[in-house]
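The block underneath contains the structure these notes are about, expressed in structure tokens.
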Amino acid sequence: MSSDLSFILGTRPEIIKLSPVIRACQQRDVPFSLIHTGQHYSDELDSVFFEQLELPAPEYNLSVGSGSQGKQTGEMIVEIESVLEEEQPDVVLVQGDTNSVLAGTIAATKIEGIEVGHVEAGLRSFDREMPEEINRRLADHSADYLFPPTETSRQQLLSEGLPDDWITVTGNTIVDAVMQNAEIAHEQSCVLSELGVEEEFGLLTAHRAENVDNRDRFISLLEGVAKAAREQELPVVYPIHPRAKKRIAEFDIDVPEAIRIMEPQDFLDFLVLEDEATIVFTDSGGVQEETCILQTPCVTLRDNTERPETVEVDANRIVGVEPDDIAEGTREMITVESEWENPFGDGTSAEQILDALEYDRE
Ligand code: UD1
Ligand code: UDP
């Protein structure tokens, strides 16, 4: 069977951020197929989002699973190539900066007759130690269609020599996803009472390899969040990514009392937590964007960000992992007026992407 469009996805943020584009394809009757690499496979990082966002089951699940950078990416390239040769879509869409994105782009771009679109193009942390930075650069330079979320990311692509007529600024599809789900999340979710955080609280997510794979850095990050929490008299809830959970056990880390660890949340519950939190501590890319959209102050536990727009509008501080810096950033952000403008678009990104690809409404 031949389809016009194939989505390649494999991780939690890709499922969430591609969901509005998949929905827009359904509404426009654009034939499409979903190719799941299997990079994420635990229910709480994978199937829960398909169910909650009412996405169709993927036509292909490559079950590649976890592994070293090279093994995981290499196995994905081999498997994706074989599926694409059978499927022969006109266009493949990838989103973001994971190994699934790199593998999907490399496999697709080398097959004659297939063009590649990169959703969330042009982001740069300028930190080449991060696997994500390598992935996003290589994806941008191999794709045929580039969909940067903002003018800043468009300018970055142009500065790297990419042709203007390959580029369409679309906003970020996470705005679509938040707008499509925030109201229903507040109607349906009981997460605040279930977790006993109906008053003021802080929300933490930390899972990036550069933070949690380094014992000293991870301990410093947790101590910093605990210090800020004690100063502000806030309990902190930490829905933990399996990578971080594994490291806490392996490094035998004592998590400070101020931080309560729990299982990863589904999207609707997590949106409510982000919306209602007094402050959010994170090293996630998507969470920096969502807090900015939801008008919740954010403190980013990294040394850089590929989302500078969040800092420019005063929704976010980049503080690293030193406890004093985390506490100071929290003091600053907690007093900020949450009246910034959302720089990531008006919630029509998915429509704009399909328009740019000329998948017109029937
Ligand atoms: C990946 C992305 C990261 C993104 C994150 C989203 C890369 C290089 N990294 O990181 O940019 O922010 O996804 O969440 O692509 N594991 C499970 N169950 C799963 C998946 C993973 O338990 O379903 C555990 C395994 O122990 C695995 C570890 O998490 O070794 C890391 O998984 P991996 O896919 O390599 O990277 P993430 O940390 O999830
Ligand atoms: N998220 C979620 N439950 C959680 C933590 C995060 O649904 O317990 C969602 C969050 O709303 C955001 C996405 O996961 O849309 C971010 O994914 P992650 O932090 O894993 O990856 P990153 O954005 O850093 O690549």
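The values are calculated or read from the model by the stated rules, or taken from the named source; none is laboratory data. Just so you know, these numbers come straight off a predicted model, no measurement behind them. Every residue, glycine among them, receives a Cβ derived from its backbone with ideal geometry; neighbour counts consider all protein chains shown.
Applying the selection to the stretch 318-362, what residues are out of contact with any Pro (no Cβ under 7 Å at 6 or more places or on another chain), part of a loop (DSSP other than H, G, I, E, B), under 20 Å from S284 (Cβ atoms) and not hydrophobic (A, V, I, L, M, F, W, C)?
G320, E322, N342, P343, listed by residue number.
So E133 passes all but one of these: (1) assigned by TED's automatic domain parsing to the domain that holds D46; (2) more than 16 Å from the chain's Cα centre (by Cα); (3) of a type in the set (D, E, K, R). Which condition number does it fail?
Among (1) assigned by TED's automatic domain parsing to the domain that holds D46; (2) more than 16 Å from the chain's Cα centre (by Cα); (3) of a type in the set (D, E, K, R), E133 violates only (2).
Does D254 satisfy the condition of being more than 25 Å from D43 (Cα to Cα), in a loop (DSSP other than H, G, I, E, B) and away from ligand 1 (no atom under 15 Å from the Cβ)?
For D254, the condition - more than 25 Å from D43 (Cα to Cα), in a loop (DSSP other than H, G, I, E, B) and away from ligand 1 (no atom under 15 Å from the Cβ) - is met.
Condition (residue is in a helix (DSSP H, G or I), surrounded by fewer than 21 Cβ atoms within 10 Å (Cβ to Cβ) and out of contact with any strand residue (DSSP E or B) (no Cβ under 8 Å at 6 or more places or on another chain)) applied to the stretch 299-315: is it met by at least one residue? Steps first, please.
Let us first name the residues in the stretch 299-315 that are in a helix (DSSP H, G or I), namely 308-312.
Subset that is surrounded by fewer than 21 Cβ atoms within 10 Å (Cβ to Cβ): 308, 311-312.
Now drop any that are not out of contact with any strand residue (DSSP E or B) (no Cβ under 8 Å at 6 or more places or on another chain), which leaves 308, 312.
Yes; the residues of the stretch 299-315 include at least one that is in a helix (DSSP H, G or I), surrounded by fewer than 21 Cβ atoms within 10 Å (Cβ to Cβ) and out of contact with any strand residue (DSSP E or B) (no Cβ under 8 Å at 6 or more places or on another chain).
Enumerate the helices (runs of 4 or more DSSP H) found wholly within the stretch 1-107, keeping only those where 2 or more residues are over 22 Å from the mean Cα position of the chain (by Cα) and either within 16 Å of ligand 2 (Cβ to nearest atom) or of a type in the set (F, W, Y) (or both).
On the way: elements: 12-28, 47-52, 69-87.
It comes to none.
Could you list, in sequence order, all residues of the stretch 285-301 that are touching a Lys or Arg at 6+ places or on another chain (Cβ under 9 Å) and more than 10 Å from ligand 2 (Cβ to nearest atom)? Can you show your working first?
Of all residues in the stretch 285-301, those touching a Lys or Arg at 6+ places or on another chain (Cβ under 9 Å) come to 285-286, 288-289, 292, 297-301.
C292, P297, C298, V299, T300, L301 - these are the residues of the stretch 285-301 that are touching a Lys or Arg at 6+ places or on another chain (Cβ under 9 Å) and more than 10 Å from ligand 2 (Cβ to nearest atom).
Being under 14 Å from the mean Cα position of the chain (by Cα) and part of a helix (DSSP H, G or I) is the filter; apply it to the stretch 136-173 and report the residue that is farthest from G96 (Cα to Cα).
So, considering only residues that are under 14 Å from the mean Cα position of the chain (by Cα) and part of a helix (DSSP H, G or I), the one farthest from G96 (Cα to Cα) is T173.
Given the conditions (1) more than 17 Å from the chain's Cα centre (by Cα); (2) surrounded by 15 or more Cβ atoms within 10 Å (Cβ to Cβ); (3) in a helix (DSSP H, G or I), and given that N181 satisfies all but one, which numbered condition is not satisfied?
(1)
Among the candidates E276, E257, which residue alone is assigned by TED's automatic domain parsing to the domain that holds A226 and either buried (at least 23 other Cβ atoms within 10 Å of the Cβ) or within 14 Å of ligand 2 (Cβ to nearest atom) (or both)?
Answer to the check: E276.
If A209 satisfies every condition in (1) of a type in the set (A, V, I, L, M); (2) within 16 Å of S284 (Cβ to Cβ); (3) buried (at least 21 other Cβ atoms within 10 Å of the Cβ); (4) out of contact with any helix residue (DSSP H, G or I) (no Cβ under 6 Å at 6 or more places or on another chain) but one, which is the exception?
Every listed condition holds for A209 apart from (3).
If Q188 passes every condition in (1) more than 10 Å from ligand 2 (Cβ to nearest atom); (2) buried (at least 23 other Cβ atoms within 10 Å of the Cβ) but one, which one does it miss?
Evaluating Q188 over (1) more than 10 Å from ligand 2 (Cβ to nearest atom); (2) buried (at least 23 other Cβ atoms within 10 Å of the Cβ) leaves (2) as the failure.
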